[in-house]
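Structure first, then comments.
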Amino acid sequence: MSLLDNTQLSLESAMNGSMYRQTLLANDLANADTPGFQPQDVDFQQQLADAVAGGKSPKSMQFTPTTESQSTSVDGNGVDTDVVNADIAENGLLYQTLTQVAAARNGILQSAINSTS
Amino acid sequence: MSFFDALNVSATGLTATRTEMDVTAENLANAQSSNNGTPYKPQAVVLSSIGSNSFQQELSDAMGTGSSPSDVGGVEVSGIVSENVPNQLVYDPTSPSANAKGYVEEPDVQPVTEMTNLISESDSYQADVTAMATTKQMYSSTLELLQA
């Protein structure tokens with residue numbers, strides 16, 4: 001058995017996915033006024049769940065971005081700034097939750113390493 | 001994908017928006033200007049999105065070690081162009097540059113349009129700053145993870 005179990009590896013992968021999503025969302029926001037730009041997003045949780053359910057190791061996951069094009073303005077831009085803003089806030093909080101869970105699990109591992117009885 | 005991609009992307013947004021604001025300010029400042037009788041033409045910024053072409057991205061693509069495909073690099077100002085609008089004619093027969101009928105050609109800068117643009121640009125800037133703050137928070141929580 002390895003030191004880091006599947007849950008810890010999944011947490012790491014989810015953090016990677018969340019950071020990737022943050023990059024995509026930041027890009028959407030930066031391109032909110034670029035003509036013809038269509039926003040990108042990634043459902044990293046679904047992709048991770050699918051990978052784990054399919055028996056694949058959550059380590060070194062490849063996340064695939066999706067391009068959405070629902071609302072378009074006159075210049076062909078599909079970015080809804082309010083939605084992207086809300087997504088960024090949500091993603092930031094999710095990332096913090098992930099790091100706190102990972103830190104708590106690290107703490108458990110640490111106390112096992114440090115116990116001297 | 002490099003670790004600080006999200007911050008860099010937001011930074012490109014800030015740069016582009018600031019350029020837009022500069023151009024808006026220039027249009028307003030030159031609302032009455034003319035250069036040797038040729039009235040000032042309002043300027044407009046052309047934005048385009050850029051793909052990631054960082055060294056790390058190229059390297060990890062070549063080695064196939066990238067954790068995720070990354071074609072996001074933010075936004076850039078691809079040009080500043082003169083708007084193709086006719087000059088407006090103002091009746092001012094006392095002006096030295098008035099034509100035979102007493103009209104003076106002046107730049108077609110619409111203060112209301114420029115101010116509206118300024119508001120939307122300032123909103124974009126603020127949105128980018130907010131995204132940056134969230135990303136910063138994410139990085140610092142990663143650092144706290146290392147302290148545990």
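Any residue at all in the stretch A:17-32 that is more than 10 Å from chain B (Cβ to nearest Cβ), in contact (Cβ under 8 Å) with a residue 12 or more places away in the chain and within 14 Å of the chain's Cα centre (by Cα)? Checking the stretch A:17-32: not a single residue is more than 10 Å from chain B (Cβ to nearest Cβ), in contact (Cβ under 8 Å) with a residue 12 or more places away in the chain and within 14 Å of the chain's Cα centre (by Cα). Criterion applied to A:Thr99, A:Thr34, A:Thr67 was being surrounded by fewer than 16 Cβ atoms within 10 Å (Cβ to Cβ) and either among the polar types (S, T, N, Q) or farther than 27 Å from B:Ala133 by Cα (or both), and the one residue passing it is A:Thr67.
Search the stretch B:91-131 for residues being over 29 Å from B:Thr12 (Cβ atoms) and among the aromatic types (Phe, Trp, Tyr), and hand back the single one that is least open to solvent (accessible area, probe 1.4 Å). Looking at the filtered set, the residue picked out is B:Tyr103. Of everything listed in (1) of a type in the set (D, E, K, R); (2) open to solvent by less than 70 Å² (accessible area, probe 1.4 Å); (3) at pLDDT below 90, the single unmet condition for A:Lys59 is (2).
A single entry from A:Leu94, A:Leu9, A:Leu25 fulfils the requirement of being in a helix (DSSP H, G or I) and in contact with a Lys or Arg (Cβ under 6 Å, 6 or more places away or on another chain): A:Leu9. The residues of the stretch A:42-56 that are open to solvent by 70 Å² or more (accessible area, probe 1.4 Å) and within 18 Å of B:Met138 (Cβ to Cβ) amount to a single one, A:Gln45. For the stretch A:98-116, the criterion of a residue being touching a helix residue (DSSP H, G or I) at 6+ places or on another chain (Cβ under 9 Å), within 18 Å of B:Gly51 (Cα to Cα) and either facing another protein chain (nearest Cβ under 10 Å) or not in a loop (DSSP other than H, G, I, E, B) (or both) is satisfied by no position.
Please work out which one of (1) surrounded by 18 or more Cβ atoms within 10 Å (Cβ to Cβ); (2) at pLDDT 90 or above is the condition B:Met21 fails and give its number. Of the numbered conditions (1) surrounded by 18 or more Cβ atoms within 10 Å (Cβ to Cβ); (2) at pLDDT 90 or above, the odd one out for B:Met21 is (1). Is it fair to say A:Pro39 is buried (at least 22 other Cβ atoms within 10 Å of the Cβ) and either on the phi > 0 side of the Ramachandran plot or not acidic (Asp, Glu) (or both)? So A:Pro39 passes the test.
The values are calculated or read from the model by the stated rules, or taken from the named source; none is laboratory data. The structure displayed is predicted, hence computed values, not measured ones. Neighbour counts are summed over all protein chains in view; Cβ atoms, including those assigned to glycine, are modelled from backbone coordinates with ideal geometry. Only protein heavy atoms, including side chains, enter the accessible area calculation; ligands, DNA and RNA are left aside. Shrake-Rupley method; radii C 1.70, N 1.55, O 1.52, S 1.80 Å.
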